[in-house]
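The values are calculated or read from the model by the stated rules, or taken from the named source; none is laboratory data. Note that the structure is predicted; figures quoted are calculated from it, not measured. Here the Cβ positions follow ideal geometry from the backbone for every residue, glycine too, while neighbour counts run over all protein chains shown.
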Amino acid sequence: MHVPHIVMIGTSPELCSLFTEVADARGVEVQTHVSGLDEAVPFAMDLIDRGLADVLVASRGTAEMLRKKASVPVLPIPLGSLNLAKALFEIAPMAKSVFFAQYVNEDVDLSFFERQTGVKVHCARYEDMASLEEAVRRYVSEEPGIVVGGGKSCAIAARLGASCRLVIPTRDEMAVTLSNALNIAQSVAGEKTVLLRYTALLDTVNESIVGTRADGTVTMANRRAQEVLGRQGSIVGTNIASLLPGLKDALRAGRAPEGDFDATIRGTRYVVKSSRLQRPADGMDRFFSFTPCHVMVRAGRKARQALVSGYAAKYTFNDYVHASQVSEDMLAKLRIFARSDSTVLITGESGTGKEILAQGLHRESARASEPFVSVNCAAIPVQLLESEIFGYEGGSFTGSRAEGKAGLFELADGGTIFLDEINSMPLNVQALLLRTIQEQEVRRVGGSAVIPLNVRIVAATNKSIVDEVRSGRMRSDLYYRLNVLNVRVPPLRERPDDIPVLVDAFVAEASRSAGIPPIRLPQASLARLCRHPWYGNVRELKHFIEQLVFLCAGAFSQKVFDELFGETAANAARLMPPFSGSGAPGMPAGDSLAPSWPQSGQPRAQAPSAPVDVAAITPEQVEEALAKAGGRKKAAAALLGISRTSLWRVLKSLGK
């Protein structure tokens with residue numbers, strides 16, 4: 001059973017003795033201490049910190065001082081009105097005046113005594129020992145009389161050689177005070193038991209938690225809060241505003257903030273959650289919890305990593321199979337772009353491997369360990385695109401999840417988001433995307449909170465983005481936001497030197513998948529593949545090789561190859577446009593995303609049935625081809641049946 005600690009801080013030995021006598025008569029153990037105003041507060045705070053004071057009993061002025069600091073109940077010792085009146089009437093025949101000091105917020109009226117006795121009463125108010133001593137000195141020096149009051153007033157008067165009369169409560173008044181102290185102590189003991197249970201439970205929590213009264217006085221703090229907010233000793237009894245200066249004005253106005261706010265505590269930034277109890281109890285009206293910002297960021301990152309575990313880049317630049325110089329130059333450019341955080345726009349026909357390059361760009365960047373989120377803007381239904389990309393709050397629309405959903409931008413936070421076929425995005429979503437890029441923040445559909453982002457954007461299009469802007473299908477301001485760093489992926493027909501290595505890679509992959517031996521294409525068949533335009537680019541070539549491998553079943557068949565190639569060539573002839581895709585207005589030459597076939601009247605390469613021996617090409621043949629092609633090396637190479645790279649090597653060997 002908890003024994004209540006009742007401590008009396010008196011201004012005179014007589015007062016303390018009386019309290020002890022009354023307590024002994026009740027069989028109650030108390031502690032007393034003779035002290036003035038200035039020494040009382042540190043003495044009491046030390047006892048409270050050590051858990052040795054449940055209730056304080058003190059002289060009136062001392063009690064007022066202690067109430068401002070102490071976290072335990074403080075009872076003032078009664079004035080002792082009967083003894084005061086008795087003392088005044090007893091000394092009236094012997095004095096022309098008396099002096100009585102009272103604390104600043106006391107109001108003792110002694111005018112009745114003056115009227116009845118004719119003795120002048122000098123009343124003075126004090127707020128500390130210095131002001132009390134000054135008042136007594138002034139009275140003693142100006143009008144000698146008798147000082148009436150508590151122990152400290154009398155002690156000062158005696159030291160100055162003046163007459164004094166000590167006034168203390170009656171035994172009955174002191175007995176009532178002791179009874180009140182015992183009742184309060186029992187109540188405090190019960191409250192302490194509850195608080196100990198709270199604290200023991202909350203000590204197991206990783207957060208720092210503090211309970212306060214409505215005025216901000218701390219009534220409970222768990223171990224972590226004590227470590228975070230504690231100075232020396234317990235923070236119980238202090239005001240939360242003294243620990244969080246930003247709360248001072250709000251608490252004074254009775255409007256402590258609800259929800260979350262930031263605070264810097266001893267040099268560390270915290271997120272502080274403030275919540276009021278619906279049913280205040282046990283002296284607590286409000287809870288505050290403190291979580292370091294870096295802990296929240298780390299927890300958020302872990303939660304997001306769990307959420308985005310499937311959003312990772314699989315490919316690197318090494319997975320972009322190539323042998324041509326044009327591909328190597330493009331990859332070199334992308335490696336430079338990878339060092340930056342700026343937005344990248346990748347243009348290229350369908351099937352050229354834009355997503356592999358986007359993933360490689362992410363893997364080469366400083367964000368490699370963060371999420372890579374790929375969005376095919378053309379594959380998501382228009383009515384769902386906005387909520388998929390930006391997320392939504394619960395109940396935003398019919399069929400939405402009650403808990404809401406994070407958007408793809410949120411999932412990509414810290415990493416890269418790849419917006420493929422950006423040209424397919426509706427204009428209203430483009431406007432939201434523009435704002436997201438500009439502000440690096442996102443607002444969920446149906447939500448009001450703004451979520452900050454740190455995302456790198458890589459966009460891709462298989463159409464002329466300038467044509468899309470001219471036609472009104474893409475916002476010009478979004479185009480300029482996206483077109484910061486740009487790279488064009490050349491179609492396969494512009495890099496035939498890549499075809500042999502791609503064929504080898506696709507043969508090996510298809511053979512492994514089918515569990516059959518790989519086939520080997522004859523040189524003549526490989527040459528025919530190199531001369532084919534491949535309007536479907538790498539994707540079309542891959543599907544062709546897969547079908548060839550499966551049908552050949554481990555042994556190359558020329559018949560199977562001819563049949564498949566004949567179908568592919570026939571499809572290509574039907575797809576071939578009768579005009580040149582020389583580039584959209586406003587785009588540099590060669591940057592068109594449409595196939596760049598010769599215009600009507602210009603020479604068109606005829607695919608020879610056998611591979612051309614480059615070494616056998618004569619200077620005269622080269623000159624003739626260049627003349628027919630009007631100096632255009634690409635067209636001349638097509639007339640000769642070789643690649644543009646091969647033509648460049650021939651010209652170099654000829655010194656041209």
Handout entry: Members of segment 154-183 found to be hydroxyl-bearing (S, T, Y), modelled with pLDDT of 85 or more and surrounded by 14 or more Cβ atoms within 10 Å (Cβ to Cβ), listed by number
Key = S163, T177
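What's the total number of residues in segment 138-181 that are part of a helix (DSSP H, G or I) and either closer than 30 Å to R26 by Cα or not charged (D, E, K, R) (or both)?
Of the residues in that region, 22 qualify.
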Handout entry: Options P533, P517: the member that is buried (at least 18 other Cβ atoms within 10 Å of the Cβ), at negative phi and assigned to a loop (DSSP other than H, G, I, E, B)
Key = P533
Exercise for the section: Output the number of residues of segment 286-336 satisfying the condition of being farther than 26 Å from L361 by Cβ, buried (at least 19 other Cβ atoms within 10 Å of the Cβ) and either in contact with a helix residue (DSSP H, G or I) (Cβ under 6 Å, 6 or more places away or on another chain) or modelled with pLDDT under 65 (or both). Expected result: 1
Practice task
Specify which of the listed residues (S374, S387) is in the same structural domain as V445 (by TED's automatic domain parsing) and in a strand (DSSP E or B).
Solution key: S374
Problem - So A200, is it surrounded by fewer than 14 Cβ atoms within 10 Å (Cβ to Cβ), at pLDDT below 80 and small (G, A, S) - result: yes
Problem - Near pairs, Cβ below 6 angstrom, 6+ apart or cross-chain, from segment 627-638 (closer than 16 Å to R649 by Cα) to any residue that is of a type in the set (A, V, I, L, M, F, W, C) and not in a helix (DSSP H, G or I) - result: A635/A629; A636/A629; A638/A605
Completion exercise
With criteria (1) under 20 Å from T219 (Cβ atoms); (2) crowded, with 22+ Cβ neighbours inside 10 Å; (3) touching a Lys or Arg at 6+ places or on another chain (Cβ under 9 Å), L66 comes up short on (3)
Handout entry: Subset of segment 379-403 [of a type in the set (A, V, I, L, M) and at pLDDT 90 or above]
Key = I389
Exercise for the section: Answer yes if at least one residue in segment 239-257 is at pLDDT 65 or above and acidic (D, E), and no otherwise. Expected result: no
Exercise for the section: Quick one: in segment 425-440, of everything that is within 21 Å of the chain's Cα centre (by Cα) and polar (S, T, N, Q), which residue is surrounded by the fewest Cβ atoms within 10 Å (Cβ to Cβ)? Expected result: Q438
Handout entry: Residue ID - surrounded by the most Cβ atoms within 10 Å (Cβ to Cβ), chosen from residues in segment 597-646 that are modelled with pLDDT of 75 or more and among the basic types (K, R)
Key = R644
Completion exercise
Here, strands (runs of 3 or more DSSP E) confined to segment 405-491 with at least 2 residues that are within 22 Å of P381 (Cα to Cα) are 416-420, 441-443, 456-461
Problem - Test for S111: is it more than 22 Å from L82 (Cα to Cα), out of contact with any Asp or Glu (no Cβ under 7 Å at 6 or more places or on another chain) and among the small types (G, A, S) - result: no
